[in-house]
Amino acid sequence: MFRKLSIVALTAAFVAAPLPVLAQSKKDSVVMAMALEPPGLDPTNAAAIAEVALYNIYETLTKINEDGTTSPLLAESWTASPDLKTYTFKLRKGVKFHNGEPFDSAAVKFSFERNAVPTSTNKDKSLFQSFESVAAPDADTVVITLKNSEPNLPFLLGQASGSIVEPKSAPTNVTQPVGTGPYQLGAWAKGSSMTLTKWADYRNAAAIKLSKVTIRFISDPSAQTAALLSGDVDAFPRVAAQRTIAQFKADPRFTVLVGGSKAKTIVAINERKKPLDDVRVRRAILAAIDRKAMIDGAVDGFGTPIGSFYVPGSLGYVDTTGINPYDPEKAKKLLAEAGVTTPLELSLKLPPPSYARQGGEIVAAQLAKVGIIAKIENVEWAQWLSQVFAGNGPHNFDLTIVSHVEPFDLVKITEPDYYLGYNNEAFNALYKQIVSTPDEAARAKLLGDAQRMLATDAVSAYMYQPQLITITAKKLKGVWKDVPQYENDFSTWYWE
């Protein structure tokens, strides 16, 4: 209640004040803001890196568009074998990296093979490990042979994890990124902002309208609102403005975009820890949490309930929310059946986004009603990545809240070092069957089976598919409404 009142008061103060002019004086530059600062600029790691680097600094063979379709980028075209196990990509000619080195099939082969090595930190390492081989028969051709069918490969290679890097520069990409994209890193004031500058030698430089993009990092929701209202920033994709959206809709200076996503916000459970390895305890946690209360409290209603690691609008989606409904009395019985003595103390590590911090308060309050004491620990993004999420551990958490933004990522559940610790041979076999089934209708049925298995096994407390809010200055155009993956393609932005 206090938070709502404070934001209302803040908004009222800005209403009373004279309306400032938005930061539009230079029509070839823009100031954008985002909630999380990337931990580095190697393109193959966290989603926050993709929001800065994907399609701007680094490019991929394919490009994922706002409507979820895939189009050529560094690859001019591609063909697939009937069994969807061999893809041949014809590369764009005359492309070079920021350091002057040529882009060719050798760079693609290097990038993909680097992603697959055991020491790789690529978040989609399993995708590249599913490649039987990456061949470069000539400078302009790449042939990828897969161990299993993969109908979504062109889409998957358009994600940040598929970024093509220049081999010699790869070791220093974290701080000195080198790609083929229209922008280069200009400056980075850690903890504050980052500047991207237009690369004059980009192959289609004339089409890039913005010469400079300044990205500010603002995690606090009230500060996000203030930055927009004061004109300090021109655009805030995926802003935490659920509680102030009416104010922005009523203000003629702004465009408000409410779009769909493929994201999945979950209460993740570490099954490596006892008693969380007992499915009855996990089901008790799910039964104790009211999805509607979570959606209302964490994102003010901007979400659709989900029951598994899959969202409406995806191939083969089935509604599994009824498998683990909200039922606190059932939660108590399940804990008793599992032999758990209450109160049961569990850690709840929360990364910085407001949906996690606000949602964590709701989850802790609801779990307390069934005898589970969730001890909240707020951590910074880099800490969360290293302590909770990193594939090599230490997986030092019991519960956490996070939004998984990548589409088509069911494969993550099969990875033995994935942070959830769910290792089920039956699910792994089912997933292998899914990717080995070229027929779409048959694959859709199997995907339904996979969703039901994840819900029945209570792998996580699956909460909601978020609806994402983007607010921009009225005259700034080309900013996406829908978000098939987290990205900001500055090549499409321009001032009207």
Pseudo-spin-label distance A246 to D201, built 7 Å along Cα→Cβ, given in nm, is 5.5
What accessible area per residue, rounded to a whole number of Å², is obtained for the range 146-250 using a probe radius of 1.4 Å?
-> 35
Asserting the computed 222 nm helical MRE of the chain (DSSP H runs at least 4 long, -39500 (n - 2.57) per run, divided by residue count, to nearest 500) equals -8000 deg cm²/dmol
Cross-link table K85/K212; K90/K198; K109/K190; K109/K198, entries beyond 30 Å C-alpha to C-alpha = K85/K212; K109/K190
The chain: relative contact order in percent, alpha carbon pairs under 8 Å with at least 6 residues between | 21
Set of aspartates and glutamates near K292 by C-alpha distance (under 20 Å), chain-local residues within fewer than 8 positions excluded | D300, D319, D327, E329, E361
Under 13 Å Cα to Cα from K125, which aspartates and glutamates show up? Leave out anything in the same chain fewer than 8 places away.
-> E113, D409, E415, D417
Can you figure out the FRET efficiency of A338 with S211, using R₀ = 45 Å and their beta-carbon distance, to the nearest 0.05?
-> 0.15
Give me the number: length gained by fully extending D67 to V117, i.e. 0.36 nm times residue separation minus the C-alpha to C-alpha distance, one decimal in nm.
-> 14.7 nm
For the range 378-496, just say rounded, prolate or oblate: build the C-alpha gyration tensor, square-root its eigenvalues into a ≥ b ≥ c, call rounded for a/c under 1.5, and beyond that prolate if a/b exceeds b/c, oblate if not.
-> oblate
Can you pull the percent of the chain's accessible area that's carbon plus sulfur, 1.4 Å probe, other chains left in place?
-> 54
By accessible area with a 1.4 Å probe, ligands and nucleic acids excluded, highest first: order of D42, D220, D290 = D220, D290, D42
Evaluate the distance, in nm, between pseudo-label points positioned 7 Å from the Cα of A426 and of K369 along their respective Cα→Cβ axes.
-> 3.1
Can you give the accessible area per residue of the range 348-470, in Å², using a 1.4 Å probe?
-> 35
Alpha carbon convex hull of the chain, projected area averaged over orientations, nm² | 22.3
Could you tell me what percent of the DSSP beta bridges with both partners in the chain are antiparallel, to the nearest 5?
-> 75
Could you work out the Kirkwood radius for the range 88-208, taking every pair of different alpha carbons, averaging 1/r and inverting it, reported in Å?
-> 15.7
Here FRET efficiency (C-beta to C-beta, N378 to D140, R₀ 45 Å, nearest 0.05) is 0.35
Mean separation of Cα contacts under 8 Å (6+ apart) over length of the range 382-496, as relative contact order % = 19
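The values are calculated or read from the model by the stated rules, or taken from the named source; none is laboratory data. Model, not experiment: these values are computed from the prediction. Virtual Cβ from ideal backbone geometry, glycine too; neighbours counted across all protein chains shown. Heads up: the accessible areas ignore ligands, DNA and RNA and are worked out on the full protein's heavy atoms, side chains in. Shrake-Rupley method; radii C 1.70, N 1.55, O 1.52, S 1.80 Å.
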